[in-house]
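I have placed the structure first, in the form of structure tokens, so that the comments after it can refer back to it.
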Amino acid sequence: MLGGVFLLSLLGFVPPPAADALDNGLALQPTMGWLHWERFMCNTDCDREPDNCISERLFMQMADVMVKEGWKEAGYEYVCIDDCWPSHQRDAQGRLQADPKRFPGGIKKLADYVHSLGLKLGIYADVGTKTCGGYPGSLGYYETDAQTFADWDVDLLKFDGCYMDWTLLGEGYSNMSKALNKTGRSILYSCEWPLYEWPHQKPNYKAIRETCNHWRNFDDVYDSWSSVKSILAWTASHQDIIVPAAGPGGWNDPDMLVIGNFGLSHDQQESQMALWAIMAAPLLMSNDLRDICPRSKGLLQNRHIIAINQDPLGNQGYLTAKMDSFQVWEKRLLANRQAVAVLNTQEIGGARGFLLRAAPGFKLCDPQCNVTQILPQYKELGVQDPHTKIVVSVNPSGTALLTITPISSDSSAPYKLHWQDTSVQRKHTITL
Ligand code: GLA
């Protein structure tokens, strides 16, 4: 059964170039790493659950696995602590301190350990009076806390927005940005400013981009397809506002990758990975890397998908068409390449075919282009021309991901139309 027919074009709105980013030289490509929140939340009970509580042991183990199991090599670099790490009291000098029972070595030692493995350490604090989990907030202590994090050699700060008068969000986020800068240490600044501002007014993305390296816009991700879908729906419905704000140095953050947990089917995991790549989203996994199934691991470490996410041009892709319960998302890549994701949103029945053709005037395949399918399985589809028709087969709530590479007219490279003999694959992937 053939579903929609989509003319590849990147038609519709063209995002203007991103405004000036926070000038700290960081996050020139979307941040990659691991963040504890979605999987481990605020589990502080180390007596009952020593392996899963928020403790230095958890981060050290995760860092070890990141090096041993190819995560670091794939590009995952930041090991990030979320809420519930501190003691409920500041020290005599007014500084935050790690919970002594769960972090007996302290954060500086943990940072040293993480650095010794060639990784970076992230920490969490809040712009208001308390963190969302009820731990001490940074309001009134921005400079002290920024200096403390710098003294500990921390590399990233996730700055939450709970317990804060919303009219002061801008001032708060901006003052912490300045405080971090003043320390002289390179600390990547991850904000939640727009998420907390949207209920009251349209955020000023120019100011946000000048202040933060990435920023959460919408609800926390949960380990469910409905949650991932709601994030995609919000992103698509606000893309004219948020897409132009993204670019090297500053990114929209649709929250963590929950791949490798309990709630997503494999097709849905592929959809999250593909769409997070198209959205140029920070790739912060929240899962248990000590115990992850090989398929999820392979997906999270898929070099082709990561390359789309990390494309140096730094354009955020966006939804370009919706038809027959399919969504097409496209992202411009460096050197006139393009990534295309086709999401099958029909959650009944089986795989459905979706026909891709070049629109009149679609320059990428004129005279020729090379098409590679990355998901659901890797396949070189070979050289195409303006009359090409490609059918991708997409499972319910799954995604087909492709890249298109133009072949310039003066290119003398030989080519073969090896995608023509695909009859055997007709059923699951490509037909003519
Ligand atoms: C908020 C944030 C989450 C997480 C929790 C921690 O809900 O959006 O990402 O940091 O707080 O309490």
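The values are calculated or read from the model by the stated rules, or taken from the named source; none is laboratory data. Since the structure is predicted, the reported quantities are computational estimates derived from the model, not experimental observations. No Cβ is skipped: glycine too gets one built from the backbone with ideal geometry, and neighbour counts run over all protein chains shown. Ligands, DNA and RNA are stripped out before the accessible areas are found, and what is left, the full protein with its side chains, is counted by its heavy atoms. Shrake-Rupley method; radii C 1.70, N 1.55, O 1.52, S 1.80 Å.
State all residues of region 238-258 that are within 8 Å of the chain's Cα centre (by Cα) and in a loop (DSSP other than H, G, I, E, B); if no residue qualifies, say none. Give the derivation first.
Residues of region 238-258 within 8 Å of the chain's Cα centre (by Cα): 253-257.
If the condition is that a residue be within 8 Å of the chain's Cα centre (by Cα) and in a loop (DSSP other than H, G, I, E, B), then 254, 255, 256 are the ones that fit.
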Open item on the list: For residue 93, only one of the following conditions fails: (1) closer than 22 Å to residue 44 by Cα; (2) over 28 Å from the mean Cα position of the chain (by Cα). What is its number?
Closed with: (1)
Task: Conditions (1) under 18 Å from residue 243 (Cα atoms); (2) more than 13 Å from the ligand (Cβ to nearest atom); number of the one not met by residue 185 - done: (1)
Task: Lone unmet requirement of (1) surrounded by 12 or more Cβ atoms within 10 Å (Cβ to Cβ); (2) in contact (Cβ under 8 Å) with a residue 12 or more places away in the chain; (3) more than 15 Å from the ligand (Cβ to nearest atom) for residue 89 - done: (1)
- [ ] Output the residues belonging to region 9-44 that are over 25 Å from residue 224 (Cα atoms), open to solvent by 60 Å² or more (accessible area, probe 1.4 Å) and at pLDDT 95 or above.
- [x] 28, 29
Open item on the list: Condition first: open to solvent by 20 Å² or more (accessible area, probe 1.4 Å), small (Gly, Ala, Ser) and over 23 Å from the mean Cα position of the chain (by Cα). Now tell me which residues in region 175-196 satisfy that.
Closed with: 184
Task: Residue tally, condition assigned to a helix (DSSP H, G or I) and open to solvent by less than 10 Å² (accessible area, probe 1.4 Å), over region 266-291 - done: 8
TODO: Could you tell me whether any residue of region 56-66 is within 16 Å of the ligand (Cβ to nearest atom) and open to solvent by less than 60 Å² (accessible area, probe 1.4 Å)?
DONE: yes
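Residue-wise test of (1) more than 25 Å from residue 251 (Cβ to Cβ); (2) hydrophobic (A, V, I, L, M, F, W, C); (3) modelled with pLDDT of 95 or more; (4) in contact with a His (Cβ under 6 Å, 6 or more places away or on another chain).
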{"site": "115", "(1), (2), (3), (4)": "no, no, yes, no"}
{"site": "127", "(1), (2), (3), (4)": "no, yes, yes, no"}
{"site": "141", "(1), (2), (3), (4)": "yes, no, yes, no"}
{"site": "149", "(1), (2), (3), (4)": "no, yes, yes, no"}
{"site": "162", "(1), (2), (3), (4)": "no, yes, yes, no"}
{"site": "178", "(1), (2), (3), (4)": "no, no, yes, no"}
{"site": "182", "(1), (2), (3), (4)": "no, no, yes, no"}
{"site": "194", "(1), (2), (3), (4)": "no, no, yes, no"}
Task: Count of region 193-248 residues which are within 16 Å of the ligand (Cβ to nearest atom) and either over 21 Å from residue 283 (Cα atoms) or in contact with a Lys or Arg (Cβ under 6 Å, 6 or more places away or on another chain) (or both) - done: 6
TODO: Please verify whether region 136-153 includes one or more residues that are acidic (Asp, Glu), part of a loop (DSSP other than H, G, I, E, B), crowded, with 21+ Cβ neighbours inside 10 Å and away from the ligand (no atom under 16 Å from the Cβ).
DONE: no
Task: Test for residue 233: is it open to solvent by 10 Å² or more (accessible area, probe 1.4 Å) and aliphatic (A, V, I, L, M) - done: yes
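Name the residue that is farthest from the ligand (Cβ to nearest atom), counting only residues in region 125-135 that are within 20 Å of residue 36 (Cα to Cα) and surrounded by 19 or more Cβ atoms within 10 Å (Cβ to Cβ).
Step one: list which residues in region 125-135 are within 20 Å of residue 36 (Cα to Cα), which gives 125-127, 130-135.
Now drop any that are not surrounded by 19 or more Cβ atoms within 10 Å (Cβ to Cβ), which leaves 125-127, 131-133, 135.
Details: 125: 10, 126: 8, 127: 12, 131: 6, 132: 3, 133: 4, 135: 9 Å.
Taking the candidates together, the pick is 127.
Could you list, in sequence order, the residues of region 197-230 that are open to solvent by less than 50 Å² (accessible area, probe 1.4 Å), in contact with a helix residue (DSSP H, G or I) (Cβ under 8 Å, 6 or more places away or on another chain), within 16 Å of residue 174 (Cβ to Cβ) and not in a helix (DSSP H, G or I)? Talk me through it step by step, then tell me what you get.
Taking region 197-230 and keeping what is open to solvent by less than 50 Å² (accessible area, probe 1.4 Å), we get 197, 203, 205, 207-209, 211-218, 221, 223-225, 227-228, 230.
Restricting the remaining residues to those that are in contact with a helix residue (DSSP H, G or I) (Cβ under 8 Å, 6 or more places away or on another chain) gives 197, 203, 205, 207-209, 211-212, 215-218, 221, 223, 225, 228.
Okay, now just the ones that are also within 16 Å of residue 174 (Cβ to Cβ), so 197, 203, 205, 207-209, 211-212, 215.
Once the filter is applied, which keeps residues that are open to solvent by less than 50 Å² (accessible area, probe 1.4 Å), in contact with a helix residue (DSSP H, G or I) (Cβ under 8 Å, 6 or more places away or on another chain), within 16 Å of residue 174 (Cβ to Cβ) and not in a helix (DSSP H, G or I), region 197-230 yields 203, 212, 215.
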TODO: Assess whether residue 296 counts as being open to solvent by less than 50 Å² (accessible area, probe 1.4 Å) and among the hydroxyl-bearing types (Ser, Thr, Tyr).
DONE: yes
- [ ] Select from region 154-167 the residues that are outside any loop (DSSP other than H, G, I, E, B) and touching a residue at least 60 places away in the same chain (Cβ under 8 Å) and list them in ascending order.
- [x] 156, 158, 160
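If you go through region 156-173, how many residues are among the acidic types (Asp, Glu) and buried (at least 24 other Cβ atoms within 10 Å of the Cβ)?
Restricting attention to region 156-173, the residues satisfying the condition of being among the acidic types (Asp, Glu) are 160, 165, 171.
Add one more test, that the residue is buried (at least 24 other Cβ atoms within 10 Å of the Cβ), and what stays is 160.
Residues in region 156-173 being among the acidic types (Asp, Glu) and buried (at least 24 other Cβ atoms within 10 Å of the Cβ): 1 in total.
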